[in-house]
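All of the numbers you see were taken from the coordinates with simple rules; none came from a lab. Since this is a predicted model, take the numbers as computed values, not measurements. Counting neighbours? That spans all protein chains shown, and the Cβs are built from the backbone with ideal geometry, glycine included.
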Amino acid sequence: MSKPLPMPAYEPRPTESLGVREAARWKVKLIGITAGDELPAGSALDAALDAAVKQLPQPATTERRQGMAFLIVHSGTEALWGILGWWELDILYLRTLRADLGTTTFTLVPPDGPTACAWELLAVDTERQAWVTHVLSNPKDPDYVAYLA
């Protein structure tokens with residue numbers, strides 16, 4: 001017989017696109033997730049983007065990357081999380097950021113720390129699907145505008 005897990009059953013969380021911002025010559029798609037009633041907004045989004053931009057390589061555009069990234073900002077039950085991803089051809093690079101609940105001071109999670117939760121991974125998969133559909137499926141004429149939408 002298996003032991004019960006010390007957590008409530010999985011339920012979907014509100015997840016929404018929060019637009020695209022430009023920072024450090026990158027176009028960053030913002031995605032909000034919440035374990036509560038309100039999606040991350042205002043100072044939480046600004047702080048997450050400021051911290052994430054420091055993790056993005058420069059220059060933003062090279063032969064291998066097009067200066068497009070996504071940032072999932074998740075008001076979770078344990079912390080305020082930022083999951084930053086960017087594509088270099090068909091490879092996804094990820095960085096995980098964390099701020100204590102009630103703060104917007106993000107720090108980079110060490111490599112042996114968590115990467116993403118079940119809700120964040122759904123958003124990552126949506127980004128993967130969009131990248132495959134709009135970019136990788138037509139490498140001679142990728143549709144970056146559609147990817148960002």
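Arg95 fails exactly one of the following numbered conditions: (1) within 22 Å of Val145 (Cα to Cα); (2) touching a helix residue (DSSP H, G or I) at 6+ places or on another chain (Cβ under 8 Å). What is the number of that condition?
Of the numbered conditions (1) within 22 Å of Val145 (Cα to Cα); (2) touching a helix residue (DSSP H, G or I) at 6+ places or on another chain (Cβ under 8 Å), the odd one out for Arg95 is (1).
Read through the list (1) under 30 Å from Lys140 (Cα atoms); (2) in contact with a Ser or Thr (Cβ under 8 Å, 6 or more places away or on another chain); (3) among the polar types (S, T, N, Q), then give the number of the only condition that Thr34 fails.
(1)
Taking into account only those residues within region 1-16 that are touching a strand residue (DSSP E or B) at 6+ places or on another chain (Cβ under 6 Å) and of a type outside the set (Asp, Glu), which is surrounded by the most Cβ atoms within 10 Å (Cβ to Cβ)?
Arg13
Filter region 99-125 for residues that are surrounded by fewer than 18 Cβ atoms within 10 Å (Cβ to Cβ), in contact (Cβ under 8 Å) with a residue 60 or more places away in the chain and among the small types (Gly, Ala, Ser) and give the result.
Selection gives Ala118 alone.
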